[in-house]
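In what follows, a structure is listed as structure tokens, so that the remarks can point back to it.
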Amino acid sequence: MNCQHQPIQQNDNLDASSVLPYCPKIRLGHAHYLYVPSTGSTNDDAHALIAENTPHGTLIVTDNQTKGRGRHDRRWASPPQTGIYASLILRPTRPLPKATLLGIAAAIAAVQAIWQTTKAKAQIKWPNDILLHQRKIAGILTETDIQSEKSYAVIIGIGINVNTPYTALPERIIFPASSIQMELGRRTSRPLLLANWLVCMEYLYQQWEEGQTSDIIAAWHQSAYGLGKTISIEQQEKTITGTLQGMAEDGSLLVKGTMGERIRIISGDVTATSFHS
Ligand code: BTN
């Protein structure tokens, strides 16, 4: 990996000429970089671009979303000029069922990029919420556009609250919303952080394409929130409680139930942990 540490320019813009000089050697983002000052949702724009045959590695970035979307049809608050709101389009060559891990890879890349840029150690709350000091500072929305079994595109939508003040963020009771600036007490360069995410993402994507999934799983274990602790996972109709043991090769969560039974979880949200205050 070749992530950079120091800003080489002082602007905080997210257009191509502000971001790409930080990551000259990679493919992602360079294929087609589309910056718009404001949009509804970059994931929606990504779907439209896929329909127009946009290439692998296309990146759509904005400073402001009016209809930012989160997982489970939730809204993603996107206050202007303070965060990173971006969607990366991937056109994988591996079969579709393996693509679940790409969202996990994007979360790992976010943790690595935050570390490279700020030296702060963020964590991943399964499946792909990014926490700093147990507060949610970023999220990932992965969507798939399927043309045929062999031809499909994956959209990795990432929202990072970078220099966002508390007042611009929604209230959440557990794992409250926060930003990198609110947690660290200093500003972070958005273009540098985005470039570092692309660099880390490119590395992990390559690993995924080459079938090195165990390396991705190992990287996840290094940053996973709640490992070895009692956690609750909320699903549509039930809540499962148990000890978080790890992640399987397909990205599902491995939990030991209260009766000692082994449970594999493929969907849901970690909503509480025994050590969460
Ligand atoms: C979540 O935690 O629920 C996922 C949030 C994902 C937000 C990003 S911002 C860029 C992209 N466009 C969207 O509308 N959503 C994703």
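The values are calculated or read from the model by the stated rules, or taken from the named source; none is laboratory data. Here the structure is a predicted model, which is why all the values come from computation and not from measurement. All Cβ positions, glycine included, derive from the backbone under ideal geometry; neighbour counts span all protein chains shown. SASA here: full protein model, heavy atoms, side chains in, ligands and nucleic acids out. Shrake-Rupley method; radii C 1.70, N 1.55, O 1.52, S 1.80 Å.
Residue check: Leu90 meets all listed conditions (1) more than 9 Å from the ligand (Cβ to nearest atom); (2) more than 23 Å from Ala153 (Cα to Cα) but one, namely (2). In the set (1) in contact with a helix residue (DSSP H, G or I) (Cβ under 6 Å, 6 or more places away or on another chain); (2) over 30 Å from Tyr33 (Cα atoms), Leu194 fails one condition alone, (2). Note on region 38-58: residues that are of a type outside the set (D, E, K, R), out of contact with any helix residue (DSSP H, G or I) (no Cβ under 7 Å at 6 or more places or on another chain) and more than 11 Å from the ligand (Cβ to nearest atom) amount to 10.
For Tyr203, the criteria (1) open to solvent by 20 Å² or more (accessible area, probe 1.4 Å); (2) in contact (Cβ under 8 Å) with a residue 60 or more places away in the chain; (3) outside any helix (DSSP H, G or I) hold in every case but one, which is (3).
Output the residue which, of all residues in region 67-77 that are near the ligand (Cβ under 6 Å from one of its atoms) and of a type in the set (D, E, K, R), is least open to solvent (accessible area, probe 1.4 Å).
The initial filter retains those residues of region 67-77 that are near the ligand (Cβ under 6 Å from one of its atoms), namely 68-71, 74, 76.
Those still in the list that are of a type in the set (D, E, K, R) too: 69, 71, 74.
Values: Arg69: 80, Arg71: 51, Arg74: 121 Å².
Out of the qualifying residues, it is Arg71.
Do we find that Arg187 is within 15 Å of the ligand (Cβ to nearest atom) and either assigned to a loop (DSSP other than H, G, I, E, B) or among the acidic types (Asp, Glu) (or both) in this structure? Spelling it out, it is not the case that Arg187 is within 15 Å of the ligand (Cβ to nearest atom) and either assigned to a loop (DSSP other than H, G, I, E, B) or among the acidic types (Asp, Glu) (or both). All but one of (1) away from the ligand (no atom under 14 Å from the Cβ); (2) open to solvent by 10 Å² or more (accessible area, probe 1.4 Å) hold for Pro80; which doesn't? Of everything listed in (1) away from the ligand (no atom under 14 Å from the Cβ); (2) open to solvent by 10 Å² or more (accessible area, probe 1.4 Å), Pro80 misses just condition (1). Among the residues of region 228-247, which ones are under 20 Å from the mean Cα position of the chain (by Cα) and at pLDDT 95 or above? Result: Gly246, Met247.
State yes or no: is Ile89 in the same structural domain as Glu171 (by TED's automatic domain parsing), at pLDDT 95 or above, more than 15 Å from the chain's Cα centre (by Cα) and open to solvent by less than 50 Å² (accessible area, probe 1.4 Å)? No, not satisfied.
Inside region 55-80, can you point out the residues that are farther than 18 Å from Leu198 by Cα, of a type in the set (S, T, N, Q) and not in a strand (DSSP E or B)? Show your work before the answer.
Pass one, region 55-80, residues farther than 18 Å from Leu198 by Cα: 64-80.
Now restrict to residues that are of a type in the set (S, T, N, Q): 64-66, 78.
Correct list: Asn64, Thr66, Ser78.
Residues in region 73-89 that are touching a strand residue (DSSP E or B) at 6+ places or on another chain (Cβ under 8 Å) and of a type outside the set (S, T, N, Q): Arg75, Trp76, Ala77, Gly83, Ile84, Tyr85, Ala86, Leu88, Ile89. Looking only at residues of region 102-125 that are outside any helix (DSSP H, G or I) and within 15 Å of the ligand (Cβ to nearest atom), we find that the one that is most open to solvent (accessible area, probe 1.4 Å) is Gln123. Out of Asn64, Asn128, one residue alone is of a type in the set (S, T, N, Q), open to solvent by less than 60 Å² (accessible area, probe 1.4 Å) and near the ligand (Cβ under 10 Å from one of its atoms). It is Asn128.
In the condition set (1) more than 16 Å from the ligand (Cβ to nearest atom); (2) over 15 Å from Ala153 (Cβ atoms); (3) of a type outside the set (Ser, Thr, Tyr); (4) open to solvent by less than 30 Å² (accessible area, probe 1.4 Å), Pro24 is compliant with all but (4).
Restricted to region 233-274, and to residues that are assigned to a strand (DSSP E or B) and of a type in the set (S, T, N, Q), which residue is surrounded by the fewest Cβ atoms within 10 Å (Cβ to Cβ)? Before the answer, list the steps.
Quick first cut of region 233-274, residues assigned to a strand (DSSP E or B) only: 233-234, 239-247, 253-257, 262-265, 269-273.
Still in the running and of a type in the set (S, T, N, Q): 239, 241, 243, 245, 271, 273.
Details: Thr239: 12, Thr241: 14, Thr243: 17, Gln245: 14, Thr271: 14, Thr273: 18.
Per the stated criteria, the residue is Thr239.
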